[in-house]
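Written out below as structure tokens is the structure these notes cover.
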Amino acid sequence: MIVGTAGHVDHGKTALIHSLTGISTDRLQEEQARGLTIEAGYAYPETLDEFELGFIDVPGHEKFIHNMLSGVAGIDTMLLVVAADDGVMPQTREHMQILRLLGIDRGVVALTKCDLVERQRLVEVHEQIRSLLAGSPLEDSHVFEVSSRTGEGIDALKEELWRRAQASDAEVAQGNFRMAVDRAFTKTGSGLVVTGTVVAGEISVGDNVRLFPSGQGARVRGLRRQGRVAEHARQGDRLALNLAGPGIDRETVQRGDWVVAQALPTPSLTRVDIALELLEDAPPLSHWSGVHLHLGASHVTGRISLLEGQLLLPGGRMLAQMILETPLHACMGDRVIVRDHGARHTIGGAVVLDGAPPRRGQRSPARLQWLESCRQAVMDSSASGMSLAEPLKMALTLRQDGPDIYGLARNFNRTPASLAREFEALGAWVISAGQDMRAFSPQALESLRVRILEVVTDNHEREPAMLGTERERLRRQVMPGLPSALFRQIIQPLMTAGMLKQQGPFLSLPDYQAALSAEDEALWQRIQPHLEATAFDPPRVRDLAGLENIDEGQVRQVLTSAARLGRVYHVRRDHFFLARSVFDMADMIQRLEAQQGAAHVASFRDQLGIGRKLAVLILEFFDRIGYTRRVRDDHVVRRADMWH
């Protein structure tokens with residue numbers, strides 16, 4: 001159990017930790033000289049093997065609130081400290097607000113410096129504390145009266161903390177390893193050491209990790225959990241990692257960075273959807289307000305885009321989006337503290353819901369409903385973990401092209417495989433190819449297949465001369481956001497069931513036969529004799545248009561349709577040859593190769609009775625379609641047997 005102090009400056013937090021553990025958490029010379037905590041300090045007293053207890057002592061001065069936020073980011077239990085002489089002070093209230101916004105609902109209350117005041121004063125401060133805690137999870141907490149100078153009440157408080165540590169249930173370690181870095185330093189003989197609290201997952205000596213934002217990889221050379229050498233650490237542990245790797249040094253990482261499992265992608269998030277809560281004593285927050293944001297040990301600035309209105313009133317809640325000036329690493333469930341644009345006051349907090357929101361439809365009812373399901377999943381989570389059943393159900397409804405499992409896995413900090421199993425447990429069909437994986441509900445899948453058949457049918461009616469619809473074109477018409485490899489898996493059952501047939505790259509209905517329209521067929525019958533008359537040097541499009549006194553574009557369109565039906569081949573620009581002529585020329589190449597070892601341009605030209613330039617263009621056509629290959633400048637041989 002990790003206990004974090006909270007309370008106003010000079011209320012005796014550091015002295016109390018020393019009395020409880022015998023350890024001084026003020027490690028900096030400036031702190032010791034001024035008697036003022038500046039950076040968070042740590043104490044890990046000797047404990048029994050079956051349970052552990054650690055303390056994080058945070059600064060109480062308002063000037064060091066960012067250091068306080070860094071320190072309390074991963075604590076389990078708060079130790080609220082109120083001095084008997086001062087009573088409840090501004091930072092006492094702000095620290096309590098921050099801890100509540102961070103979701104920390106367990107704690108112990110210590111009334112310090114009791115030896116300095118009369119009994120009546122103690123009664124007054126007790127009343128202040130009861131008023132402060134009213135309506136909070138600590139409302140009925142016992143207040144321990146202590147004195148670090150005389151030792152009064154220290155044993156009773158220590159006994160209560162150790163009892164809670166022994167009774168506390170360890171969190172279930174879910175997802176990939178994540179740790180927010182709050183310190184980084186170089187140790188002689190070891191190299192780079194980074195410290196923080198394990199937010200998720202597990203880590204062992206020898207594991208490979210990734211740094212954010214640099215993206216550099218590193219290896220865990222050694223680790224200490226709760227101040228002691230260990231081989232393994234898990235979610236909730238206070239951890240020091242000794243990292244090694246090419247280019248890994250003190251300049252590589254700093255406070256606010258993250259160390260995560262190598263398997264977890266670390267995109268630079270600049271837009272993050274959140275569930276925002278405003279404190280009751282905060283001023284109203286308008287849309288697009290500038291704010292300071294604290295997540296883990298990270299401190300960034302940005303703006304708040306309200307998704308459900310233009311103004312959030314004090315004490316109100318609303319779905320919103322953070323637009324960040326500096327990229328951030330975050331996953332669903334992370335807690336954010338929001339301070340005003342001048343960084344003087346804490347005005348609220350937020351829970352991260354989605355680190356990759358869409359650019360469009362951010363405020364659509366379906367989108368907001370999905371975000372609300374994510375918020376509820378976070379609120380309902382416990383030490384045993386977070387259930388994603390409702391967000392996954394909503395995702396199946398929201399994304400007709402199938403929710404992106406890899407994207408969701410990154411946001412939820414789960415492995416794609418585990419998320420795929422959860423989708424399958426909901427009755428979804430999961431398909432994957434490479435780094436793409438989607439899930440479809442039975443209803444969405446049926447709707448998609450109906451849509452595919454409808455589009456193919458419509459294309460047949462509009463383009464009767466087409467052999468069918470090219471697969472990529474069909475994908476763009478039906479579901480452009482679905483990767484090609486996954487679309488092939490969608491249509492495969494339709495072909496297996498005989499509902500679609502494939503001819504090369506074309507897909508069609510099983511009984512469909514491509515044909516020219518009556519008007520185009522009539523025009524083709526007029527054009528065909530001209531192509532037959534000079535089989536190896538047929539008229540070009542403009543010549544045919546002149547011969548029949550018709551529009552050049554109309555001739556080109558009919559010939560293009562005839563090419564789709566296999567009646568002609570488009571050999572060169574606006575130059576179409578009858579299929580029979582192309583086959584005859586292919587036979588001629590075969591005969592020349594048998595006679596001479598290769599088809600020579602001059603021989604080919606003479607056999608056909610055409611000019612050299614046209615002969616070269618025809619041979620280039622055969623090379624282009626893969627029938628021949630050039631062995632010298634003017635010699636070709638076949639690549640394969642006749643395709644016809």
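What to note about this one:
- Note on the stretch 537-567: residues that are in contact with a helix residue (DSSP H, G or I) (Cβ under 9 Å, 6 or more places away or on another chain), assigned to a loop (DSSP other than H, G, I, E, B) and open to solvent by 50 Å² or more (accessible area, probe 1.4 Å) total 3.
- Summed over the stretch 486-500, the residues that are touching a residue at least 12 places away in the same chain (Cβ under 8 Å) and either among the aromatic types (Phe, Trp, Tyr) or not in a helix (DSSP H, G or I) (or both) give a count of 4.
- Among the residues listed as GLU39, GLU94, the single one being in contact with a Ser or Thr (Cβ under 9 Å, 6 or more places away or on another chain), modelled with pLDDT of 75 or more and open to solvent by 10 Å² or more (accessible area, probe 1.4 Å): GLU94
- Residue match in the stretch 416-437 (condition: without any contact (Cβ under 8 Å) to a residue 60 or more places away in the chain, in contact with a Gly (Cβ under 7 Å, 6 or more places away or on another chain) and not hydroxyl-bearing (Ser, Thr, Tyr)): no
- Here VAL456 passes the criteria (1) part of a loop (DSSP other than H, G, I, E, B); (2) touching a strand residue (DSSP E or B) at 6+ places or on another chain (Cβ under 9 Å); (3) crowded, with 16+ Cβ neighbours inside 10 Å except the one numbered (1).
- Within the stretch 568-623, considering residues that are outside any strand (DSSP E or B) and among the hydroxyl-bearing types (Ser, Thr, Tyr), the one nearest to the chain's Cα centre (by Cα): SER581
- Filter result for ILE154 (in contact with a His (Cβ under 9 Å, 6 or more places away or on another chain) and either among the aromatic types (Phe, Trp, Tyr) or in contact (Cβ under 8 Å) with a residue 12 or more places away in the chain (or both)): no
- Checking GLY566 against (1) in contact (Cβ under 8 Å) with a residue 60 or more places away in the chain; (2) on the phi > 0 side of the Ramachandran plot, the condition it does not meet: (1)
- Residue match in the stretch 351-365 (condition: out of contact with any helix residue (DSSP H, G or I) (no Cβ under 8 Å at 6 or more places or on another chain), at pLDDT below 90 and either acidic (Asp, Glu) or open to solvent by 40 Å² or more (accessible area, probe 1.4 Å) (or both)): yes
- Test: residue in the stretch 388-408 that is in a loop (DSSP other than H, G, I, E, B) and closer than 26 Å to VAL172 by Cα: yes
Okay, residues lined up against (1) touching a Lys or Arg at 6+ places or on another chain (Cβ under 8 Å); (2) closer than 17 Å to ALA377 by Cβ; (3) modelled with pLDDT under 95:
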residue: ALA395; (1), (2), (3): no, yes, yes
residue: ASP401; (1), (2), (3): yes, no, yes
residue: ALA425; (1), (2), (3): no, yes, no
residue: VAL430; (1), (2), (3): yes, no, no
residue: GLY434; (1), (2), (3): no, no, yes
residue: PRO442; (1), (2), (3): no, no, yes
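- Inside the stretch 277-308, residues that are surrounded by 14 or more Cβ atoms within 10 Å (Cβ to Cβ) and assigned to a strand (DSSP E or B) make up a count of 18.
The values are calculated or read from the model by the stated rules, or taken from the named source; none is laboratory data. On a predicted model such as this, the values are computed, not experimentally measured, just so you know. Don't worry about glycine lacking a Cβ; one is built from the backbone with ideal geometry, like all the others, and counts go over all protein chains shown. These accessible areas exclude ligands, DNA and RNA; they are computed on the full protein's heavy atoms, side chains included. Shrake-Rupley method; radii C 1.70, N 1.55, O 1.52, S 1.80 Å.
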